[in-house]
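Data first, discussion second: the structure below is written as structure tokens.
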Amino acid sequence: MWAKNLNDLKYSKATQELVACWQDLPRYDGLVCPKRSDFSSIRIGAFLAEVFISEWIGDENLSIIQAGTKLDRVLGKDITGQNIFDVLPLELLAEELKYYHTLRDTPCAGMITRSALNLKGKPVIYRTMQLPLADSHGNVRYFVGTGVALSENILQQEFNITSCDHVELLERLYFDIGAGVPAEG
């Protein structure tokens, strides 16, 4: 595991900027994560194309409420308004459902790297980072994060592979934001 804490997540400028912005947001009433109402996309304007926001709508629906244009290009289409679990490869669905529930229920931050075909059938190695945001009642109901396609250089350095054309979870990390991390993290 190369990243020990959120400040180690430097795989993109957008990620660095988002982590810094998220860490600077106020925490109320002993909450370990900020409230959604305190986060404004304007604060990361230059990097908005790589940022997404998702919202829990029930236990098996994590809906994308905002997706940047760079993410649309990587994924092959705009997934705003869609349930993340409806667009994931079936091979990864059960584990990713568990991952997102863990992020919400602990709460903690997380990062996953996976290989799959994008929504247009093109192979891509995709890394996403998720930071929790609370609703007005203090419950984690949102995530804000970044997503990037990894270059061949990063694939070689981090995973010792040059390409990947099949569905595979390459990495899953959890980050303590004050409530601990799950035993698997």
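Bear in mind that the values in this text are calculations on the coordinates, not laboratory data. These numbers come from a predicted model, not from an experiment. Note: ideal-geometry Cβ built from the backbone for every residue, glycine included; neighbour counts use all protein chains shown.
Details
- With contacts taken as Cα pairs under 8 Å at a separation of at least 6 residues, the chain carries a relative contact order of 23 percent.
- Taking Lys and Arg as +1 and Asp and Glu as -1, the other residues whose beta-carbon sits under 15 Å from that of Leu25 total -1.
- Along the chain, the longest continuous region that contains none of the chymotrypsin sites (Phe, Trp or Tyr not before Pro) in a DSSP loop with at most 13 other C-beta atoms within 10 Å is 29-185.
- Relative to the longest principal axis of the Cα atoms of the chain, the long axis of helix 90-105 lies at roughly 20 degrees.
- Cα shape, the range 1-66, gyration tensor, a/c 1.5 rule: rounded
- Charged-residue dipole, Cβ positions (Lys, Arg, Asp, Glu), the chain about Cα centre, Debye nearest 20: 460 debye
- Taking a ≥ b ≥ c as the square roots of the eigenvalues of the alpha-carbon gyration tensor, the range 30-114 is classed oblate because a/c is 1.5 or more while a/b is no larger than b/c.
- The chain, helix-only ellipticity at 222 nm - DSSP H runs n ≥ 4, -39,500 (n - 2.57), divided by all residues, nearest 500: -6000 deg cm²/dmol
- Within the shell defined by Cβ-Cβ distances under 12 Å, the residues around Leu133 carry a net charge of +2, with Lys and Arg each +1 and Asp and Glu each -1.
- Look at the dipole of the range 1-155 built from charges on Cβ: of Gly147, Ser12, Leu131, the Cα furthest out on the positive end belongs to Ser12.
- Rounded to the nearest 10 degrees, the angle from helix 13-24 to the longest Cα principal axis of the chain is 20 degrees.
- For the chain, share of DSSP beta bridges that run antiparallel, in % to the nearest 5: 95 percent
- Charge-dipole axis of the chain as Lys and Arg at +1 and Asp and Glu at -1 on Cβ define it, positive-most pick from Met111, Gln82, Ile44: Ile44
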